[in-house]
Structure formats: structure tokens, C-alpha cells
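**Q** Got a structure for you, written out below as C-alpha cells; questions coming shortly.
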Amino acid sequence: MSPAADPYRASRELAERAERAIGGARHLSGRALVEEQPPLYFTRGRGPRVIDADGRSYIDWILSYGAVFLGHADPRVDEAAIDQARRGALLPLNHALHVEFAEGILARFPRFERAMFLKTGSEATTAALRIARRATGRRKVARCGYHGWHDWCLPLEPFVPEGLAEQVLEFRAGAPSSLAALFEAHPGEIAAVVLAPEMLLPPSREGYRALIEIAHRHGAVFVLDEVKTGVRIAPGSIHQRYDLAPDIVTLSKALGNGWPIAVVLGSQAVMDHARGLHCSATYHGETTGMAAALATLARSTELGAAEHVERIGDALIAGLAELAREAELPFVAYGEPLGAMPFFRSSGDRSDERVALDAAFAREMAIRGILIHPRHLWFVSASHGEPELAQTLEAARASLRVIRRRDGSILERVAGSAIT
Ligand SMILES: Cc1ncc(COP(=O)(O)O)c(C=O)c1O
């Protein structure tokens, strides 16, 4: 391709420079979405839209994997954070905002009595586990879902210390008996059950409560990892929606609308074990993320943001499912776990065909100015409205038509698989 004809020229050039300047070339979530594109670089975002380095505008349904909730560059949130920065982002020792922030979060999540502040979701889940270990005097953990990049989250990888897989046990959210079996096989050894609530599909009060009950029966701390669902799922989290009583909840992502902040919430009894525990880092007391989080919570309440994103997400799911039916292509649309976090993906029996179809769809959508990840759930922000919904469905209709025509070979190979 001649440089002039390359629609991703600026991104391609940045990716080449990154190869020479950045360890590993880029962070993992910045890799190329589909083979034909370079890793995309972005320069600006506002509301539901982002602009790439080549000047192309997209409706963004990736939203930094859920970290953006109100919309990119929300004026109220950014003003609060910048105003805070002007007064010194990180002052020595303690800051009045630490207390105001904890009080503000507890007022929004009144089931809990103590809050602890950190910067990332991985830090929050690791801190939750550490507190649970100290509270129970046990070491092992039973977990279900993605909880971050720290060693305990990836126990089977060759780059973590040996023996972690014996400490970190997995259960299936939809099969409470798989959790009960872990407690039977490791009596008196499991400190915490950690669940990412999007793993239970469809979500249900009974399903979550069954898992919490098993954990408590065996003396373990139950951690609901709401890093993705916290603040985003109406009325503000999964534990509120289903009236659940986990011992600890972790929050991050939507809470800061793009500014780094994470929280561990818990009862006084559990969180007392955090006293003097080493869960501390230089930047935990940094205040711009806290100011952003308080502004995000205030603004999302004013806007009814969580209810809005679910409405838009539900409409998106219904529209995409209808288009897939019309196109007679094997795609499914559903919420993971609810409409605020929609997923549209191919559903054939063969993984190579699914990968090809998902990539083809993401590629066609990008050409039409819609940014989605081919293998990841989507996120909706409060700034996504009817125009973005209509434009996305129009692009999806055109994309599915092109796939149906052009990728006849894929279709032949998926013939016989269920068309949902
Ligand atoms: C449920 C859940 N927990 C923890 C994490 C880790 O958060 P972070 O990437 O901010 O470290 C993620 C990230 O996607 C997540 O989805």
C-alpha cells in the first residue's frame, strides 16, 4: 500500500516508533484489534467520540475497558481533578480529601463501614485478598473471573512463582457445587472467595447468594470484585441491585471516569484487619483521582447515568440481535452481565471461524467510524444517546451485509452451526 493510500498511516508510524522506544512495544490492551490494522493511536476524546492519530472520528464502545462512564473528557469531572491538581496533587502524609473521599464513597455505598483507597483494580483485589488472609489466618483463595495482572491472578503462567496454582483455586460462578467442592478439598485453608459478578450469566440474586452462603459457611471472606460493574450497573453496583451482603467490594474503572482511582469497601470487622497491614504505595494518597471520583458520583446521580446506560445498552442488544437474524449470521447479543455492558460476538462451534467473523465485524465497523473490540464486551457511557445508537446499528447492518457477501468462505465453513 502506498503511504498516501494507508488510512492508518499516523498510527502505523507511531507503532513503529513504539517498537524502538517502549518495552514490549505497547501495553497489552493497546495491541492491534484486527490483523489488517496497526495498533490504533488516539489523540482526543469528547463524550462518546474519540479521534485517532489520522484524524478519523469514531463512536467509542470500548471506553478504555469500562473506565469511562460519563463520556470522555467530562467537563465537571475534569475540572474537579484539575482544580485539585492546582493545589498540589500529592501532599506529604495525610490529606483532608482522604477523609472526605472515604466518607463520600461510604455515603454512596451505605452497606459498608470502611473504605480504603488505591489506584487500580489489580491493587484493590490484591488488597482485598491480603485483608482476607489476615482476617482468617488462611492463605488460599477461590476465585472466578479476571481480577487483574498481579501474580496471584495468573497462577498458571510460566512467569509467576512456582506453586501459585496450589494457592489459587478456580470455581464456576454458575455451579455453586464447584465452590463447595473446593472447600471440601481444602478444609480450613481458603481465606477468600473472589467473584467478578459478570461471570454469572444470567445474573440472579439466588445465584450470588448461594456462593456467598457457601463462603460464609466455611469461614471465608466473600469479595465481590465490582471493578467493572461498580458505579456502572444500576442503581450503582451489582451488590445494590441484587441486595447482596459481600464482606468486601472492590471498585475502580467507572468510579474515576478515566482518572486513576480504586477502592476497597468492607465492614468494620473485616477492614479492621487492614490496620498496620502493608497495603500502601506512594501514590495511594494522590488526590486528583479522588476529586474526579466524587465528581463522577455526583454527576452520575444527577444524570441518572446508570439507568441511562442500561436503556441504551438494552436497545443496542435488541437491535444487534435483530440485525444478526436478518443477515442470517451466527452472532449473539447479550449483556455481560446486563445491558450496560453489551456483548455482540459470533457463536459458531469452531473457534477459528468465530475469530474470523468477530475480526471481520470489528474491521467493517471501524471503517464506518464505530470502535469496538472484536473479542471483548462493549461499554456504554452516559454520553451515548439515540444518535450514537442509530448510527451504530446502521453501521452494523452495513457491516453484516458486507460480511455475508464477502466472507462466503467463512459462511460455508460455519454452515450447520446454530444461527441465533
Ligand atoms: C473484574 C475486574 N477486576 C480487576 C481488574 C483489574 O483492574 P486494573 O486493570 O485496573 O488493574 C479488572 C480489569 O479489567 C476487572 O475487570
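The values are calculated or read from the model by the stated rules, or taken from the named source; none is laboratory data. All of these numbers come straight from a predicted model, not from anything done at the bench. Neighbour counts are summed over all protein chains in view; Cβ atoms, including those assigned to glycine, are modelled from backbone coordinates with ideal geometry. Surface areas here come from the heavy atoms of the whole protein model, side chains and all, with no ligands, DNA or RNA. Shrake-Rupley method; radii C 1.70, N 1.55, O 1.52, S 1.80 Å.
**Q** Can you give me the accessible area per residue for the chain, using a 1.4 Å probe, in Å²?
**A** Value returned for the chain: 45 Å² of accessible area per residue.
**Q** Further question: Who wins for biggest fluctuation among 132, 360, 18 in a Gaussian network model of the chain, springs between alpha carbons below 10 Å?
**A** The residue with the greatest mean-square fluctuation here is 18.
**Q** Let me ask something else. Summing +1 for each Lys or Arg and -1 for each Asp or Glu, what net charge is found among the other residues whose Cβ lies under 13 Å from the Cβ of residue 319?
**A** -3
**Q** Under a 1.4 angstrom probe, counting protein chains only, how are 112, 159 ranked by accessible area, largest first?
**A** 159, 112
**Q** Can you give me the angle between helix 176-185 and the longest principal axis of the chain, using Cα atoms only, in degrees from 0 to 90, rounded to the nearest 10?
**A** Taking the Cα atoms of the chain, the angle to 176-185 is about 50 degrees.
**Q** Among 238, 370, 82, which one shows the biggest mean-square fluctuation in a GNM of the chain, springs joining Cα atoms closer than 10 Å?
**A** Greatest mean-square fluctuation among the candidates belongs to 82.
**Q** I need the fraction of alpha carbon pairs in region 95-221 separated by more than 21 Å, rounded to a whole percent.
**A** Percent of Cα pairs beyond 21 Å in region 95-221: 46.
**Q** Moving on. Summarise the accessible area of the chain (1.4 Å probe, protein heavy atoms) by the percent that is carbon and sulfur.
**A** Whole-percent figure for carbon plus sulfur exposure: 53.
**Q** Report the normalised scattering of region 1-145 as log10 I(q)/I(0) at q = 0.09, 0.11, 0.12, 0.20 Å⁻¹, calculated by the Debye formula with identical scatterers on the alpha carbons.
**A** Taken in order of the listed q values, log10 I(q)/I(0) reads -0.49, -0.71, -0.82, -1.29.
**Q** Rank these by accessible area, largest first, 1.4 Å probe: 239, 308.
**A** Greatest to least solvent exposure: 308, 239.
**Q** While we're here: Averaging sequence separations of C-alpha pairs under 8 Å and six or more residues apart, then dividing by the length of region 14-90, give the relative contact order as a whole percent.
**A** 17 percent
**Q** Could I ask something else about it? Apply the Karplus curve 6.51 cos²θ - 1.76 cosθ + 1.60, θ = phi - 60°, to the phi angles in region 374-385 and return the couplings in whole Hz, x for Gly and Pro.
**A** Here the 3J(HN,Hα) series is x, 10, 9, 4, 8, 10, 10, 10, 5, 8, 7, x Hz.
**Q** Cα atoms only, region 31-91: Rg and Dmax in Å?
**A** 14.6, 47
**Q** Counting Lys +1, Arg +1, Asp -1, Glu -1, what net charge surrounds residue 389 among other residues with beta carbon under 12 Å of its beta carbon?
**A** -3
**Q** Can you tally the net charge around residue 103? Count Lys and Arg as +1, Asp and Glu as -1, for every other residue whose Cβ sits under 13 Å from the Cβ of residue 103.
**A** Computed value for this residue: 0.
**Q** Amide H of residue 221: which non-local residues (sequence gap of 5 or more, or other chain) have their own amide H closer than 5 Å, using H built in the peptide plane?
**A** Under 5 Å from the amide H of residue 221: 192, 193.
**Q** Can you give the angle from 0 to 90° between the axis of helix 121-136 and the longest principal axis of the chain, with both taken from C-alpha atoms, to the nearest 10?
**A** In the chain, helix 121-136 runs at an angle near 30 degrees to the longest axis.
**Q** Could you grab the Rg to Rh ratio for the chain? Cα atoms only, Kirkwood for Rh.
**A** 0.97
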